[in-house]
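To keep things clear, I will list the structure first and then write my remarks on it.
The values are calculated or read from the model by the stated rules, or taken from the named source; none is laboratory data. It should be emphasised that the depicted structure is a prediction, and the values quoted were computed from it without experimental measurement. With ideal geometry, Cβ positions are generated from the backbone for all residues, glycine too; neighbour counts draw on all protein chains shown. Only protein heavy atoms, including side chains, enter the accessible area calculation; ligands, DNA and RNA are left aside. Shrake-Rupley method; radii C 1.70, N 1.55, O 1.52, S 1.80 Å.
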There are 2 protein chains.
Amino acid sequence: MAMKLDARQAAELLKQQEEILILTHKSPDGDTLGTGYALYYALTAMGKQASVACSDPIPEKYGYFAKPVLPLTGEPGFIVAVDVADTQLLGPALEQYAGKVDLCIDHHVSNTLYADKVCLYKTASAACEIMAEVIAHLGTDLTPMIANCLYTGMATDTGCFKFSNTTAHTHRMAAQMIEAGADYVRINRIMFDTKSKSRVLLEQAALSGIEFFFDDRCAVITVTRELFVRSGAQEADLDGVSALSRQIEGVEVGVFLREKEDGSFKVSVRTTSQVNASELCKIFGGGGHVRAAGCVLSGPLEQAKQTLLCEVKRALEEIHP
Amino acid sequence: MAMKLDARQAAELLKQQEEILILTHKSPDGDTLGTGYALYYALTAMGKQASVACSDPIPEKYGYFAKPVLPLTGEPGFIVAVDVADTQLLGPALEQYAGKVDLCIDHHVSNTLYADKVCLYKTASAACEIMAEVIAHLGTDLTPMIANCLYTGMATDTGCFKFSNTTAHTHRMAAQMIEAGADYVRINRIMFDTKSKSRVLLEQAALSGIEFFFDDRCAVITVTRELFVRSGAQEADLDGVSALSRQIEGVEVGVFLREKEDGSFKVSVRTTSQVNASELCKIFGGGGHVRAAGCVLSGPLEQAKQTLLCEVKRALEEIHP
């Protein structure tokens, strides 16, 4: 079982190290990269040798802070994992370090406490929110570059301060980053107001086939394999598309059907009213949360859709007969 | 010329009044309503008689705080305009008060100083940010309902803390509102993650006709009268559609063409690189800002488009010959 440290204790431990390897999770996002690079810039400013590693290539959009860094010249003296809830998330290139993590700095409730020591704040919106405190205790300057890193993680993990994980503390930390010179206007434009052409084409194609049922109380969006390939979009683009069905006013059950390789359909159900998405998906062997759940239905498409709609209808009738 | 007051002085003045009429601007948004209702709830909690008025109906989505209120029983003893930069924005039903505004609380640089006294903070992201200070000086409780009002104005005027008008102070005020009980998750869902069915249909139709030019460096979205009518969308829905063209990665010039009643085209140009949108629109008698400008071109559509694209091409060639 990992020994628990608070942000001050984590900073004290880091102060004693000289060659530090920082591990981020695979399929890197703004929070793991922001946390990792903020620590990297802070440690190198203190005259220490540090490096950041990731199993996957770093998406170009993070290029304003996630610069290529040199590997350590020797074996790492100390290994820190940031925003990594489980060693499986290290990915193939970093799994060699799975049993050797000295310190994990994270905010996931699901953290498996795999590291020797863990600095875990479960109510933090982002690992960056914790790193902001660690860096304050390290006593190094909060440079504009570090502020860019930390702002990025907090903004991306909260949907720009929109989601329920945002707290008053998150806003106060964001205020500090702005005062320290974070280029938040540019960051927000890159993170929230930029879509790839292929994603726009995918959205358009998916929306052109949107169907409404039961007095518009249910909306269904379908992405077939053919449509997905034709758009040239990436897997990550599907998240945005799946969100569309539940953003429509009056829609109580938003359904997203995505055709898998084997011709079956991955179903995401999002609900905004009293309909229990988890109960609905359980009927088909799936599950999830009250307002967001999923299951898999076998094809063909029309059959999968009808099977599901039959249960959606029943669920809607139960609340307004 | 209006006498200038700071938030404390504005609060002192309000404390002396008994029957207060609060005026909001026409086509009401989250900031004018949030500011007006926050003041209404604060004043009535102090035992004063107050009322909020607006020339236009209040959109349903603000119903969680903008409740119907009784008119004053007699003539108003004191008139406050909130987030109203110019008396023309009062609208037909309130223009009778144009010359009688005792106090204006606003954040617009363009405020015409029409009121007897003005509490104007030009760097405030929203009038709600100023009202938060006024209410603090009034000394009444920051109730969850008042926090809902104030959070709404700050979030909507900043695009959920995304735009350049957001400051460190805005974030600190948002933190206060969350601590005071603002239902920010619900508010953000209503304001930022809810679209009308007609808006979704309009977006889909507009996107299906999106055109790319000059190696995808220019994107053009067109909304004809026919397409607009068919979608059943509202004027306000067009803002979202016009933003789409400049959200696509790699697009340096986003053009939105909207057909007017007389068959001419209203053109919005948004640029993300060195292209000067204002210079571009000036060629056609329009103008605006460096990155956002507009003009009007006569139809038919193909002619308007070609005329504009010719200049877009020239502008793009100038920066990367």
Would you mind calculating the relative contact order of region A:80-194 from Cα pairs under 8 angstrom and at least 6 residues apart, reporting the percent as a whole number?
20
Using a 10 Å cut-off around each Cβ of peptide A:197-203, what is the average number of partner chain Cβ atoms that fall inside?
4
Mind checking the mean number of beta-carbon atoms from other chains within 10 Å of the Cβ atoms in B:170-177?
6
Select from A:T123, A:T156, A:T271 the residue whose mean-square fluctuation is largest in a Gaussian network model of chain A (Cα-Cα springs shorter than 10 Å).
A:T271
The correct ranking of A:H171, B:H108, B:H289, A:H107 by accessible area at 1.4 Å, largest first, is B:H289, B:H108, A:H107, A:H171
Say each of A:S164 and B:E249 gets a label point 7 Å from the Cα, pointing the same way as Cα to Cβ; how far apart are those two points in nm?
3.1
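Just in region A:205-238: which GluC sites (Glu not before Pro) are loop by DSSP and have at most 14 other Cβ atoms within 10 Å?
A:E235
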Below 8 Å between Cα atoms, with a sequence gap of 6+, how large is the relative contact order for region B:186-289 in percent?
21
Label points for B:T73 built 7 Å along Cα→Cβ; distances to same position in the other copies, nm, shortest first, come to 8.6
At A:T143, label 7 Å along Cα→Cβ: distances to the other copies, nm, ascending?
5.1
Region A:170-321: radius of gyration and largest Cα-Cα distance (Dmax), Å:
17.9, 56
With every protein chain left in place, what is the accessible area of B:K4 in Å² (1.4 Å probe, nearest 10)?
130
Within 10 Å of each Cβ in B:158-169, the average number of Cβ atoms from other chains:
6
Nearest 100 Å², what total accessible surface is buried between chain B and chain A (probe 1.4 Å)?
3600
So the label point sits 7 Å from Cα along the Cα-to-Cβ vector; using that for B:G209, what distances do you get to the other copies, in nanometres, sorted shortest first?
2.4
Considering all projection directions equally, how large on average is the shadow of the alpha-carbon convex hull of the protein assembly as shown, in square nanometres?
32.8
Over 23 Å (Cα to Cα) among A:K195/B:K122; A:K162/A:K305; B:K61/B:K122; B:K26/B:K122; A:K122/A:K282 -> A:K195/B:K122; A:K162/A:K305; B:K61/B:K122; A:K122/A:K282
Region A:22-84 to region A:225-280: how many Å between their Cα centroids?
33
Which value, in debye to the nearest 20, gives the size of the charge dipole of chain B about its Cα centre, when Lys and Arg are +1 and Asp and Glu are -1 at the Cβ?
240
Stokes-Einstein D for chain B, Kirkwood Rh over Cα pairs, 20 °C, 1.002 mPa s (µm²/s)
100
Accessible surface of A:C149 in the full protein assembly, 1.4 angstrom probe, to the nearest 10 Å²?
0
Taking the C-alpha atoms of region B:1-107, how large are the radius of gyration and the largest Cα-Cα span, Dmax, in Å?
12.8, 37
If the label point sits 7 Å along Cα→Cβ of B:T307, residues of region B:245-282 with amide N under 16 Å come out as B:256-269, B:280-282
Area of A:D157 that stays accessible when all protein chains are in place (1.4 Å probe, Å², to 10):
40
Sequence of A:I22, B:I178 when ordered by accessible area, the most exposed leading, probe 1.4 angstrom
B:I178, A:I22
Helical contribution to [θ] at 222 nm, DSSP H n ≥ 4, -39,500 (n - 2.57), averaged over the protein assembly as shown, rounded to 500
-12000 deg cm²/dmol
